[in-house]
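For reference, the structure discussed in these notes is given below.
Where a number appears in this text, it was derived from the coordinates with a stated rule and is not lab data. Computed from a predicted structure; not experimentally measured. We place every Cβ from the backbone using ideal geometry, glycine too, and count neighbours over all the protein chains shown.
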Amino acid sequence: MTEHDITLTVNGTEHDLSVEPRTLLAHTLRDELGYTGTNVGCESTLCGACTVHMDGDAVKACTVLSVQADGAELQTVEGLRESGTFHPIQEGFQKEHGLQCGYCTPGMMLAATDLLEENADPNEAEIREAIEGNLCRCTGYQNIVNAVEYAGAKMRGDDSGPGTETAAADGGVPTTDYEVVKIDEAAKMENDI
Ligand code: FES
Ligand code: FES
């Protein structure tokens, strides 16, 4: 099959390559360029595991042909971390326990950052709507919502957001209400002994 020369800029790095016209962007990112954080699940736009940013918007890379992305600026989950520092959404998923198996996580993070770039202070309903095209089999979604709220608060510099209040008050550990409750219980047990 005839191949086409394309240029993709991924996380700021330009790549020149040749692809067959039928090649999906998800496969080019993973198999040709090694950005394996772009997961592939359904290959039919249902699960969102393959979500990346294309020219600033979240797209599902399993339903974009690589030739359609010629000349585009792409961001994958690998591009969220800057200079060794987690992006607030990565920090939020870590602190709010927003993942279990992690398969949906890259796509969730990119769907969430797309939302936060358009709406710095989304409410819970807006967050749930923004991630409705991303399926998670493990978490039940609430901790993912909490993680997005955490990231929004951090990006706004709002110390009163979920998780950030306790982090600011105690120097960073513990960071979630769940951990605070567990530590309070442990302290009470020590006093009882
Ligand atoms: S693999 Fe792309 S939406 Fe499921
Ligand atoms: S953490 Fe397992 S699918 Fe979401």
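Length available on full extension from Glu73 to His97: 0.36 nm per residue minus the Cα-Cα distance, which gives 5.6 nm.
With the simple model of a label 7 Å out from the Cα in the direction of the Cβ, Ser83 to Arg128 spans 3.9 nm.
Taking only the C-alpha atoms of the stretch 88-161, Rg followed by Dmax gives 10.8, 32 Å.
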